[in-house]
Amino acid sequence: MKFKPCISENDLPRSFPPQHQDVQPGIECEMVPRPIYDDPCYIGCGKLKNKVALITGGDSGIGRAVAVAYAKEGADVAISYLCEECDALETKACVEKYGATCRLYPGDIRSEKFCRQLVQCVVSDFGALDILVNNAGVQFPQPSIQEISPQQLCLTYEVNVFPLFYLSQEALCYMKEGSTIINTTSVTAYVGNDQLIDYSSTKGAVVSFTRTLSQTAIRQGVRVNGVAPGPIWTPLTVSSFSADYVATFGQETPMGRAGQPYELAPTYVYLACRDSSYVTGQVLHVNGGTMTES
Ligand code: NAD
Ligand code: MG
């Protein structure tokens, strides 16, 4: 077997061409450079064999990298996303390249009805649901709390928080012992962000949701954990921050650079598989060295 060379620290960008996309969700295939989502040195070994995973926001960014790593580990993958068809098709192709089945479920997870139907469709199409990754999210930076409109506040909570309740409620009707729920929170829940007061507070809600749900879900053998990324090079970055901010994105971290989506994926694999069998109610921090108290 021929191995591709590993990605080294020196290969990873420490700054970016200034760029901004006007519409959220952003489009990954328009980013320069493209985020790195598939680590050629990550070789799966069947950790998720015969599992079915539903990943919200699985078309792009962190969710896409998780979908690819799950496929390498033998899982079949259901991808929920709002409307980014070309990104979703690219993710599907990559998942299928690793021999897994991938189905796409476009739709707005702000709708409770859609969330419930999404879980029901996945169970009906795949025959089970073992892993739910609540990963979709939006953010709308503002210079101060005064600029956060009621509409923005509602939208941010409707995408980042409420679907976690609808999807987890529905998923727990079908999940068996050994299943897992993994929620994407953020370093901003711990250290704040002066442009993202509303977003940071939704991510704080995700942390508390993770901790509290873990206490009841374990009664049916389901573990619930979270991942708190630092600054990661994804469509969310270029569709929310200004072009100037994007150029130096991540340089404030101790490692001096933004993370790439592939660097998050092994943590989501760990939390989904038996390796983390004694871990629930926890948040793992993948953030380039920022110290958090959790
Ligand atoms: P991304 O844009 O690739 O992913 C976000 C996804 O959310 C989109 O693909 C979109 O399909 C989905 N989405 C948005 N609104 C939706 C809606 N109404 N209905 C259905 N789906 C919807 O960006 P990402 O950075 O990979 O984001 C994934 C998660 O990571 C988010 O929860 C984000 O808050 C979190 N996060 C990102 C960073 C970062 O720096 N990129 C840092 C910390 C946390
Ligand atoms: Mg997307």
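Here is how the numbers come out for the structure above:
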| item | result |
| --- | --- |
| Of all accessible heavy-atom area on the chain, the percent that carbon and sulfur account for (1.4 Å) | 54 percent |
| Debye log10 I(q)/I(0) at q = 0.11, 0.15, 0.17 Å⁻¹ for segment 138-269, Cα point scatterers | -0.45, -0.80, -0.98 |
| Cβ-isolated cysteines (cut-off 4.7 Å), the chain | Cys29, Cys45, Cys83, Cys86, Cys94, Cys102, Cys115, Cys121, Cys154, Cys173, Cys273 |
| Most mobile listed residue (Leu164, Leu155, Leu236) in the chain, GNM with C-alpha springs under 10 Å | Leu155 |
| GNM result for the chain, Cα springs below 10 Å: residue of Ser179, Ser239, Ser149 fluctuating most strongly | Ser149 |
| Local electrostatic count, Tyr199, Cβ distance below 15 Å [Lys/Arg +1, Asp/Glu -1] | -3 |
| Above-threshold pairs, the threshold being 26 Å between Cα atoms, out of Lys97/Lys176; Lys49/Lys92; Lys49/Lys176; Lys49/Lys203; Lys72/Lys176 | Lys97/Lys176; Lys49/Lys203 |
| For the chain, built as a Gaussian network whose Cα springs stay under 10 Å, the top-fluctuating residue of Lys113, Lys47, Lys92 | Lys113 |
| Computed Kirkwood radius, in angstrom, where 1/r is averaged over Cα pairs of segment 41-122 | 12.5 Å |
| Shape of segment 113-177, Cα gyration tensor, a/c cut at 1.5 | prolate |
| Under 5 Å, built H, 5+ apart or other chain: amide partners of Ile232 | Gly259 |
| Mean accessible surface per residue for segment 1-155, computed with a 1.4 Å probe while every protein chain stays in place, in Å² | 48 Å² |
| Histogram of C-alpha separations across the chain, 10 Å bin width, % | 7, 30, 39, 21, 4, 0 |
| Long-range amide H partners of Tyr81 with built H, under 5 Å | Gly57, Tyr105, Gly107 |
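The values are calculated or read from the model by the stated rules, or taken from the named source; none is laboratory data. Note that the structure is predicted; figures quoted are calculated from it, not measured. Cβ sites come from the backbone with ideal geometry, for glycine too, and all protein chains shown count toward neighbours. These accessible areas exclude ligands, DNA and RNA; they are computed on the full protein's heavy atoms, side chains included. Shrake-Rupley method; radii C 1.70, N 1.55, O 1.52, S 1.80 Å.
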